[in-house]
Amino acid sequence: MDPINFVILASILFAIGAAAVLLRRNAIIAFMGVELMLNAANLALVAFSRMHGEIDGQIMAFFVLTVAAAEVVVGLGIIIAVFRARQTISLDEPAELKG
Amino acid sequence: MVNTVMFWIIAALTVIPALSLLFARKAVHVAMSVVLVMVGLAAAYVTLSAPFLGMVQIVVYTGAVMMLFLFVLMLVGVDQREDLKETIKGQRWIGLLAAAGLGAFLVSIIGRVTLPTADTMPSGDPEAVAIALFDRYVLVIEVLGFVLITAAVGALVLTHTPRLRPRKTQLEVQRDRVRVGADPVNKPMPGVYARHNALDVPALDPEGKPIEHSVSRVLEIRHQTQEGAEFRAALEDPSRKEGDR
Amino acid sequence: MLDLTWLLIAVPLASAAFLLLAGKRADRWGHWVGVGASSAAFVVGLVALIQMLGLDSEDRAHAVHLFTWIPGGELNLDAGLLVDPLSMTFVMLVTFVGTLIHVYSVAYMEHDASRRRFFAYLNLFVAAMLLLVLADSYLLLFVGWEGVGLASYLLIGFWNHKPEYATAANKAFVVNRIGDIGLILAMGLMFTYFGALDFGSVFAAVPQASTAQLTAIGLMLLVAACGKSAQFPLQSWLGDAMAGPTPVSALIHAATMVTAGVYLIVRSAPIFEGAPAAQTTVAAIGAFTLILGALIGMAKDDIKKALAASTMSQIGYMMLAAGLGPVGYAFAIFHLVTHGFFKAGMFLGAGSVMHGMNDQVDMRRFGALRTAMVTTWVTFGLGWLAILGVPPFSGFWSKDKIIEAAFIGDDVQPWILGGAALIGAGLTAFYMSRLFFMTFHGKARWTDEQHPHESPALMTVPMIILAVGSAFLGLILATGDRFVTWLEPVTGHAEHGEPVLPAAVIMVATLLLVALGAWIAWRKYGAADVPETAPAASLATIAARNDMFQDSVNRGVFERPGTHLTRTLVYADAALVDGAVDATAHAFARTGEVTRKTQNGQVRSYALTMVVGLVIVILVVVQGGL
């Protein structure tokens, strides 16, 4: 089976993650959608690595993974801070950007 | 070439739990599903001859990141139920359409291009990865180290709450409690003075009336209390003596 | 001492500043500071005059450099004073008459709560006028010119709690601004043509200038002079300026302000010499105004307004003389000096009458005051004889010379100008006699609460001094042509032309007309009864009573069209210019209102926008690339 199918799988996962970000109001679930999108990209990178027979794709996925870990830490920290301030983690609540 | 059966198993293992991101009500369920997705992705990495990355994926994602998510979920309250009813007009359909369109576009583009397929498999074992990481990409690794440190400090700053006034002593706590007119002593324990020596039964006052707040609030939220209905009934109907039952 | 002439300006100015800043604690003695400052200026002027008289006539022009004022690239101007016989004449007139008016005001304003402020303004007035006449450049003269305008505004509107007085002050200010525009334009033209504004450089450059240039400058200077001297067509403010306290009227009419226009014309003599058309215009306006003022004066029942009309007429004589060229300059200034004395005396007399008559100004309610106010009657009478031109009183020596000079010339001009001057003399005799008889003779027509009494010595003494001046100054200065010789370094030597009529004939005709005018006035107002209310009169009299409808004319010719033009412009501005700007702004505002709705503050909406954008970008890239 051609590894290109993994890329297609990655695309589908990416779309699901994007939909989660767009549709869910719970900040944690939306955040998990973001994580899913990152991992979909990782999957594509690894698949490309396999197709090219080079290790560099895996290394890139490795880097993405590291950055994603840092991002999770900061993101969850923000969620905690927001929760402390507002007693809610609904994404619809902080609407101060309203024009 | 990869194993076709393996691919479909992985596809099922990732896409189906991923859909819970869209449809599950409880955040904990979502988190558990995402753990499954991560395991599936780890399997995919191994299949794509990246065994080290697969292991890292399991350790980092299922072991660390998703557990962190669960911790945060517990911190902010498992009760944070989400109403799936959409509040922003048109957001649901446009969002779905946009996401679906995005996926469709990506798939169609990938379907249209022809990519080379190398005969040689990349060596994804720890040794090869280590050589690549600490040789060619050593600078990147160092920069990533800074990023991680910064993230750690950032998380500390974000979650840190400075103490603005000195910690209350026990004496002050008690004084405050008396000042607002609360019970100066501990609340009565549930089940005491009752026939049922149980947590879900309210205590009775000297007149035999149930004391509602003696039962744990958590049990009330879960609707797992006896609510003292039988005692109230006994009070309202004097003919029914306790001994009659 | 001539180098210290700057003290003339500095002392009254410092006194004015002191009086304004001193506050209430100076209320009790502040007026004496004002009198002292004015007197000190007079003493400085007197010493300078004596010193100047000791010099040869060629050396009498003395320049005093004060400081470098405007060190501009093309315009280098020093602030300096020009002390010559002409400015010295004005200095003496302004300080002497001014000081007498100051003394008079001490008593006249005794019961006014703001007397200190009044004296501050008087000092400012004197300082500004002295700066005007002493300046050695048009620009510095302009500073004094504006200072005089400001001081007159403050003084005319001194009792500004009455709206009509405040309006009168505004009117004087606004009309004077029209004249100022003339002076500014004249300065602009001078700078364009000659590149200089000081008298010396400008007059040195005059011979090279074309007649057209000089005519333009001359006409602009004439506009300025008309505004300040209340000449036609800018005469309308003078009558209303009577709103100020009477000493102010005396100061404006006799010593300062209205004489500034004549001074400007005489000072700019070299320019007018090169522009015969402008010169003739000056004379024509003078002749016209002298008749106009006399006609208005004949119908006025308000003693101060009648005197104001008389001033307009007498200044007309001076302008007429100034427009005649070198023959007339000296007589214009001569008449200005004698007029300064007798008009100040008469205004102070009128003030004294008002003082005794409970501030009544209607002459029809006066009559027979000679018994109640003997000093006022005598001093006023001397001023009356002087303005009539009865020999040997002052007015005779100056006015008769002007009439004679008006008859000099070719063609029809001398007949018109001379005729106007001659008729004006007769009219003057009539209306001044009318004023005199209605006030001091005939039957008493006082209202019940009026108890005429003589004014205190502080008021009568200045009046006596001025009356003596009215009586003898002309004789003293005219003997041996002293005054003309004195002014010669400035005005130039006049080759004495021959009048179209023999001088003796002109003099006899003048005296006959004066006698006739006085006799008619005596018949109508001295011997006969004067009705207490103005009788119905002919159209001409009504016109004269209403200042020849000057306000209506101004309103109809200037104000109405101006108002309509302004309204049209404002409307056009609002509809077109503002409309375009507003429409643009509204368009942006509406765009903002619409796009604002997309900024709903919802993070997910923003994320949706991003995803939609991403989809579109991919679509474009793929479709474009493949």
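What to note about this one:
- Considering each residue of the stretch C:159-167 in turn, none proves to be crowded, with 24+ Cβ neighbours inside 10 Å and in a helix (DSSP H, G or I).
- Whichever residue in the stretch C:479-493 is touching a Pro at 6+ places or on another chain (Cβ under 7 Å) and part of a helix (DSSP H, G or I) and, among such residues, is surrounded by the fewest Cβ atoms within 10 Å (Cβ to Cβ): C:P489
- Filtered by the rule that a residue be at pLDDT 75 or above, in a loop (DSSP other than H, G, I, E, B) and of a type in the set (S, T, N, Q), the stretch C:450-478 gives a lone residue, C:S455.
- Elements of the type helices (runs of 4 or more DSSP H) sitting completely within the stretch C:498-567 and holding at least 1 residues that are touching a Cys at 6+ places or on another chain (Cβ under 9 Å) and closer than 21 Å to C:G293 by Cβ: there are none.
- Any chance A:L76 is free of Cβ contacts under 8 Å to residues at least 60 places away in the same chain and within 20 Å of B:K26 (Cβ to Cβ): yes
- Within the stretch B:160-178, the only residue that satisfies the criterion of being hydroxyl-bearing (S, T, Y) and at pLDDT 85 or above is B:T169.
- Among the residues making up the stretch C:316-339, those that are more than 20 Å from C:L385 (Cβ to Cβ) and open to solvent by less than 10 Å² (accessible area, probe 1.4 Å) are C:G316, C:M319, C:L320, C:A321, C:A322, C:G323, C:G325, C:G328, C:Y329, C:A330, C:A332, C:I333.
- Candidates are the residues of the stretch C:254-274 that are outside any helix (DSSP H, G or I) and at pLDDT below 85; the one that is nearest to C:G340 (Cα to Cα) is C:T256.
- Residue list for the stretch C:494-508, filter: modelled with pLDDT of 80 or more and open to solvent by less than 30 Å² (accessible area, probe 1.4 Å): C:I506
- The one condition in (1) assigned to a helix (DSSP H, G or I); (2) open to solvent by 10 Å² or more (accessible area, probe 1.4 Å) that C:T447 fails to fulfil: (1)
- Just one residue in the set C:A204, C:A212, C:A250 is aliphatic (A, V, I, L, M), in contact (Cβ under 8 Å) with a residue 12 or more places away in the chain and part of a helix (DSSP H, G or I); that residue is C:A250.
- Scan of the stretch B:197-245 for residues that are modelled with pLDDT under 75 and in a helix (DSSP H, G or I), ordered by number: B:A229, B:E230, B:F231, B:R232, B:A233, B:A234, B:L235, B:E236, B:E242, B:G243, B:D244
- Qualifying positions in the stretch B:14-24 - farther than 14 Å from A:A18 by Cα and open to solvent by less than 60 Å² (accessible area, probe 1.4 Å): B:T14, B:P17, B:A24
- Scanning the stretch C:1-29 for residues that are farther than 19 Å from C:V97 by Cβ and crowded, with 23+ Cβ neighbours inside 10 Å yields one hit, C:L19.
- When C:A128 is tested against the conditions (1) of a type in the set (A, V, I, L, M, F, W, C); (2) over 29 Å from C:L458 (Cβ atoms); (3) touching a helix residue (DSSP H, G or I) at 6+ places or on another chain (Cβ under 9 Å), the lone failure is (2).
- Of the residues making up the stretch A:21-54, those that are more than 30 Å from B:D125 (Cα to Cα), part of a helix (DSSP H, G or I) and either open to solvent by less than 10 Å² (accessible area, probe 1.4 Å) or more than 7 Å from every other protein chain (Cβ to nearest Cβ) (or both) are A:L22, A:A27, A:I28, A:I29, A:A30, A:F31.
- C:L49 vs. criteria more than 30 Å from C:D112 (Cβ to Cβ), open to solvent by less than 80 Å² (accessible area, probe 1.4 Å) and not charged (D, E, K, R): yes
- Answer from A:A61, A:A18, A:A68, A:A10 - the residue that is more than 7 Å from chain B (Cβ to nearest Cβ), crowded, with 23+ Cβ neighbours inside 10 Å and not β-branched (V, I, T): A:A10
- Test: C:T460 is within 30 Å of C:T246 (Cα to Cα), touching a Ser or Thr at 6+ places or on another chain (Cβ under 7 Å), in contact (Cβ under 8 Å) with a residue 40 or more places away in the chain and surrounded by fewer than 24 Cβ atoms within 10 Å (Cβ to Cβ): yes
- Among the candidates B:V129, B:V153, B:V157, B:V113, the residue that is at pLDDT 90 or above and among the β-branched types (V, I, T) is uniquely B:V153.
- Identity of the residue in the stretch A:71-84, closer than 16 Å to B:A152 by Cβ and open to solvent by 10 Å² or more (accessible area, probe 1.4 Å), that ends up farthest from the other protein chains (Cβ to nearest Cβ): A:G75
- Scope the stretch B:25-50; condition at the interface with chain A (Cβ under 8 Å from one of its Cβ atoms) and either under 20 Å from the mean Cα position of the chain (by Cα) or open to solvent by 50 Å² or more (accessible area, probe 1.4 Å) (or both); matching residues: B:A27, B:V30, B:A31, B:V34, B:V37, B:M38
- Flag for C:A284 being in a helix (DSSP H, G or I) and either in contact with a Gly (Cβ under 6 Å, 6 or more places away or on another chain) or open to solvent by less than 10 Å² (accessible area, probe 1.4 Å) (or both): no
The values are calculated or read from the model by the stated rules, or taken from the named source; none is laboratory data. Note that the structure is a prediction, hence the values are computed from the model and not measured. Cβ coordinates were reconstructed from backbone atoms using ideal geometry, including for glycine residues, and neighbour counts include every protein chain displayed. Side chains are part of the model used for accessible areas, which takes the heavy atoms of the whole protein and leaves out ligands, DNA and RNA. Shrake-Rupley method; radii C 1.70, N 1.55, O 1.52, S 1.80 Å.
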